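Contents: one structure, followed by commentary.
The values are calculated or read from the model by the stated rules, or taken from the named source; none is laboratory data. Remember, predicted model here, so these are calculated numbers, not experimental data. Cβ placement follows ideal geometry from the backbone for every residue including glycine, while neighbour counts extend to all protein chains displayed. For accessibility, only protein heavy atoms count, side chains too; no ligands or nucleic acids. Shrake-Rupley method; radii C 1.70, N 1.55, O 1.52, S 1.80 Å.
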Amino acid sequence: MLQFSLLLLTQFFIKARSQQVLPQKNLLNNTQQIAFNKRIRIIAVSQLKQTLSDNIKTSMKARELERVKILRNVQSVVKQIEIDRQTELDDAQVLEVLQKQLKQRQESLTIFTENGRDDLAAKEQFEIDIINEFMPQQMNQDEIMALVNAEIAEQGATSMRDMGSVMGVLKNKTAGRADPALISKMVKDALQG
């Protein structure tokens, strides 16, 4: 009912202003204007979040319960971060969340494998495979090295003091497509050698 009345109010203001019946100044007080703006604001949904949501629905219809559980877990982490930051996450930020989730599971996989817990390691590997479906194609080492060398040459970096600026640019260029630890190692080797 509230949305319908806001729609009517909007139409009234548009029609009244076009006919110059009402003065051009805003007739709503500040609190009403804020509420009004929130109601008519169009929120652009991240393509990655939409894909995640669509995959949850598809998995539910196919009765893939383990897959649904993992996807819902990832979706809940994204939503929690949005609530904490009080903003909508864009694709780059959702990708960062997916990378963190992937890294946590890879660390767990390593620990479980070292301790001989093959059952838990298999579960973690299954989760890694599902999360990897949402990640962009990973760059190979040759592509990363070429990018590292190009950025070092572009910035004129010569020592380890320049590593931070090189890493900052490379992190943005390779977002989600390369492991930052591998990039860091390559930059360090290139600057030292």
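Can you send over the solvent-accessible area of THR110, 1.4 Å probe, protein chains only, in Å² to the nearest 10?
About 70 Å², ignoring ligands and nucleic acids.
Mind ranking 149-162, 125-138 by how tightly packed they are, going by the mean number of other C-beta atoms within 10 angstrom, highest first? Before the final figure, lay out each step's value.
Working: 149-162: 12.4, 125-138: 15.4.
Per-residue Cβ counts within 10 Å, averaged per peptide and sorted highest first, yield 125-138, 149-162.
Karplus couplings for segment 125-141 from phi (6.51 cos²θ - 1.76 cosθ + 1.60, θ = phi - 60°), rounded to Hz, Gly and Pro as x?
5, 4, 5, 4, 4, 5, 5, 4, 4, 9, 8, x, 4, 6, 7, 7, 5
Contour minus end-to-end for GLU96 and GLN141, with contour as 0.36 nm per residue of separation and end-to-end as the Cα-Cα distance? It would help to have the intermediate numbers written out before the result.
Values: separation 45, 0.36 × 45 = 16.20 nm, distance 2.06 nm.
Contour length minus the Cα-Cα distance gives 14.1 nm.
Distance cut-off 30 Å, Cα to Cα: go down the list LYS49/LYS103; LYS69/LYS173; LYS57/LYS100 and report the pairs above it.
Listed pairs above 30 Å: LYS69/LYS173.
What whole number of Å gives the distance from the Cα centroid of segment 124-167 to the Cα centroid of segment 63-89?
26
Using a 1.4 angstrom probe on the protein heavy atoms only, line up GLU114, GLU143, GLU124 by accessible area, largest first.
Numbers: GLU114 140, GLU143 95, GLU124 20 Å².
The most accessible residue leads, giving GLU114, GLU143, GLU124.
Could you pull the accessible area for VAL77 with a 1.4 Å probe, rounded to 10 Å²?
About 40 Å², ignoring ligands and nucleic acids.
So which aspartates and glutamates pass the test for LYS171, namely a Cα distance under 19 Å, with those fewer than 8 places away in the same chain ruled out?
Straight-distance partners of LYS171: ASP90, ASP91, GLU96, ASP142, GLU143, GLU151, GLU154, ASP162, ASP179, ASP189.
Can you give the accessible area of ASP91, probe radius 1.4 Å, in Å² rounded to 10?
About 60 Å², rounded to the nearest 10.
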